[in-house]
Structures are given as C-alpha cells and as structure tokens.
Amino acid sequence: MQKVKDNSLKMIFQIITIIMTILIIIFIIYAFKYRIFSSNENLIKYMKSFGLLAPLIFIFIQIIQVIFPVIPGGASCLAGVLAFGPVEGFIYNYIGLCIGSVISFSLSKKYGMGIIRKIFKEETVDKYLNYIKEKKFDKVFFFGILIPGAPDDLLCYIAGITHIGYKEFIKTIILCKPLTLIFYSLFIYIMPYVNSFIK
C-alpha cells in the first residue's frame, strides 16, 4: 500500500515538474520573441501589464519555484527587483519565498525522504544528509538561508526530516531571508557602476 502511495506521489510530482518545465520553456520563447528581458524597462512593462494582479502573480511564481525548484531562485529574485524596484521587489520576494519555504518544510515533514529524493538529485541530497549525521545541519541550515547562493530550497526540505520544529524553522526563515534578498537588490544597482568602472 505504501509503495503504491509513493509511486502515485512520484508520478504527481513528475507530471507537475513536466508541466512547469513546459510552461517555463514557452515563457522563455515568448520572452525572447518580445524582448521582455532585453532591458529593465521591458521587464517592468511586462510585469506591470498585469496591473493590480502583477504582485500576486509574482508572489505565486516565487512560492511555486521554491516548492518545485525548476527556476533558479536567484534569477527570479533579480527579476522581482528589476520589475518592481528595490523596496517592492524585496517585499514580494520575501513574502513568496517565506510562504514557499514553509510549504516545502511541511511537505517534507509529512512525506519524509521520499519526496526529497523525487525532487532533488541523489548526490546533492546525500551531501546534506551527512551534515545531519555529523550534527552540523543546524549551522548549515542557518547560514544556507542567510547567505546567497546556497541551495536553500533543498535545505528547507531536508530541515523537515530533522528535529527542527515549525517555530524554529519559521524564525530562521523570517530572520535570515532578508540578507539574501538585500544582496540581490544591491547587486542590480551596483553592477552598472562596476561595468562602467571596468570599461
């Protein structure tokens, strides 16, 4: 019975991943055709074309990309800053990523290792499982959420199979996520000056 349940779960996630991948490919083709990412202005114009729904659509995209990490998290964060500016972009990124992280943690708490191995590469998962065995995961999780570039999506899932409870998890996410998002905001606005300096 458990095996049938696991197979059904695996199939559901595979179908969702395929659908998400197809939609992303379609969007990328559309984006290149209409030069959405050719300039900051075009991207902002595209997002703003959704009117009042633009922030909600972006927050939803951020939630989904944490649960099903088929979009690079850094890329979507940068897109949010470009589309909405440093303040609003930060807020929408923060809301979406926090909600998505809690959902990922909850899924892992419920389904355990089965769901983690169905979403992430085995060698990557095993690497972070070793930190649990070595009793180093708490620190790895804290700094992984705090510092940009870490696989925070995977860390949220793995945290769900550890002793970490909801209160501690949510506290870490709420306190540590802002630094990463501030980094992306600064990166967007510093890069033009860096490029002009290099030239």
Given points 7 Å out from each Cα along the Cα-Cβ axis, report the Ile22 to Ile103 separation in nanometres with one decimal. 2.0 nm
Taking only the alpha carbons of region 39-198, the radius of gyration and the largest Cα-Cα distance, Dmax, both in angstrom, are 16.6, 51
Over 29 Å between alpha carbons, listed pairs Lys121/Lys177; Lys110/Lys133; Lys33/Lys127; Lys45/Lys171; Lys110/Lys136; Lys48/Lys177: Lys33/Lys127; Lys45/Lys171
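Bear in mind that the values in this text are calculations on the coordinates, not laboratory data. Keep in mind the model is a prediction, meaning the values are calculated, not measured. Note that we place each Cβ from the backbone using ideal geometry, even for glycine, and neighbour counts take in every protein chain shown.
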